[in-house]
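Let me begin by presenting the structure, written as structure tokens, before commenting on it.
Taken together, the values in this text are just the output of simple stated rules run on the coordinates, not laboratory data. None of the values given here were measured: they were computed from a predicted structure. With ideal geometry, Cβ positions are generated from the backbone for all residues, glycine too; neighbour counts draw on all protein chains shown.
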Amino acid sequence: MIVPLGLWPVVAVAGSILGGIGYGVFAPLIATFQAAGQNAIDKCYHCFADGCLSTIKGSCTVVVDFTDFCFHSYFSYMDELSEKMPPDEKPMDVKLMKLPGCLLVGLIGMLVDVPLITVVTLWKSPYMLFRGWKRLFEDLIGREGPFLETVCVPFAGLAILLWPLAVVGAVVGAIIASFFLGLYGGVIVHQEDSLHMGFSYIISVVSLFDEYVNDLLYVREGSCLPRLRYRRNMDRNPEIEKVDNNCCNELESKGQASSTQLISENSRTLKWPIQQYRPMQVWDWLFKSYEVDGWILLRDGLITIKDIEECIVKGNCKKLCIRLQAWSILQCLLTSVKADASGIVIGDNAELTRSNMPRDKVFEWFAGPLFVMKEQLKKLELDESEEACLRKLVMECKNETPKDWNDFGYPSEDSVRRAQLQAIIRRLQGIVASMSRIPTFRRRFRNLVKLLYIEAIQADASVHHIGGILKARLSGQRSSGKGSKKDGYENDDAKGNKANENLDVV
């Protein structure tokens, strides 16, 4: 481990410098093209102004997100690993006998794959340089792409001059990535429990990298380099099998359907990626629902100002971060079940389905189980009382054992039904706990907590203001009342408490 630990600071510094240069150059350039394509009144001004301040803010945002990942997400993972293992789970068995083989294959993979991938990268770099120049010059002659608007021609010419810098950045990035691709051979050895699979991966990863570069540069498909089998289950792709099974079922159910109808239906499925949502759109909808649901929970007393202050001052955000998310997503699932939607209704009349959800691997890890939970809730057929009690249990109950629900008055006495619902809630809380470790999530959630705090203070101030007016009126009535002074104060206090009770109801 000495070599990767020693190279890590060098790689981090070099990657930060190259990433900063690339972002600082190309982000304003892309913003210029976007400004020229918009229906702005003064395009010349926007071509120079857009991308300046936004690039600086974006750079600061990247630094904040990276800091959150280093000081929040990492330690959150470590705390979860160090917690006591539940009795129904088994720890991962890492055998010491596997570690020498993993380290050996990782070291050999780094020594073999780094030079070979570097050679492939340097061999393909002239193709990338001349093909990029060819495409830019074709757009320049045909007045297409970035050369469509006259005001963008100087900046597009700058892109032609800076294209070699992009090629150099791609080459350096590929060389840096080759270290990690080589070290991943140790992971293959541990997963497959075979040194043979690890050495096969070392040979195959160069072929996979070459094929990926060929696809990126639009040259011939495949690779002339050898590719060995480094996984035991590499015969069939599960996605392809799923498509094949769907096609077979469709042919069986529609025996009289013509081939042209099937082709037209399959062609419509090719249009799905065009209608897919972007991950940022979904995150925006989720945080908007978090804000609305947070205000509802404040109104109902399930979240207090003290909880928000603990989150801001002490950093104890478990109730807000985990339970508020779980409550909001549970509300989306219950709404989707009531509406009999094919997907998940996430607000603004937006429905997230398997066809329009972002094709992002990380996003699929979070969204995929939610579709399963929605179907499970649909089969349970909860009534209104169970839904109301379930929302309360998400915010106030630990949901660790079936006995935790005994003191909350859950209407159903079916122990199996309770266990199923508790399993759904625990899994939902685990999903939102993983979502909270995404770097961008922590930054946006801090802003959400501050917004809720301001709204809670304003609402509390308005209540105290109305209460002060009522007390002033009651004190005016005291001066004109009859009886002893002590009795008058006691009666006035009773009236004031009654007024405050009515105010709380309002």
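Here are some notes:
- FRET E, pair residue 81, residue 220, Förster distance 60 Å, beta-carbon r, rounded to 0.05: 0.85
- For the stretch 277-443, fraction of C-alpha pairs farther apart than 23 Å, in %: 38 percent
- Efficiency of FRET between residue 300 and residue 60 - r from beta-carbon atoms, R0 35 angstrom, step 0.05: 0.40
- Calculated FRET value between residue 10 and residue 447, using beta carbons and R₀ = 35 Å, to 0.05: 0.50
- Mean Cα-pair separation over length for the stretch 277-443, i.e. relative contact order, pairs under 8 Å, 6 or more apart, %: 24 percent
- Inter-site label distance for residue 385 and residue 280 at 7 Å from Cα along Cβ, in nm: 4.8 nm
- Set 314/361; 318/378; 306/398 screened for pairs whose C-alpha atoms are more than 22 Å apart: 314/361; 318/378
- Here the simple spin-label model places points 7 Å from the Cα toward Cβ, and for residue 403 and residue 341 these points are separated by 3.9 nm.
- Each label was represented as a point 7 Å from its Cα along the Cα-to-Cβ direction; for residue 288 and residue 135 these points are 3.3 nm apart.
- Likely footprinting exposure, 415, 54, 223, fewest C-beta neighbours within 10 Å first: 415, 54, 223
- Extension gain, residue 419 to residue 180: 0.36 nm times the residue separation minus the Cα-Cα distance gives 81.8 nm.
- Ranked by how many other Cβ atoms sit within 10 Å of their own Cβ, fewest first, the residues 127, 77 fall in the order 77, 127.
- Net charge of Cβ neighbours under 15 Å - reference residue 181; Lys, Arg +1; Asp, Glu -1: -2
- The loop-placed trypsin sites (Lys or Arg not before Pro) in the stretch 305-395, going by DSSP, that have at most 13 neighbouring Cβ atoms within 10 Å of their Cβ come out as 354, 359.
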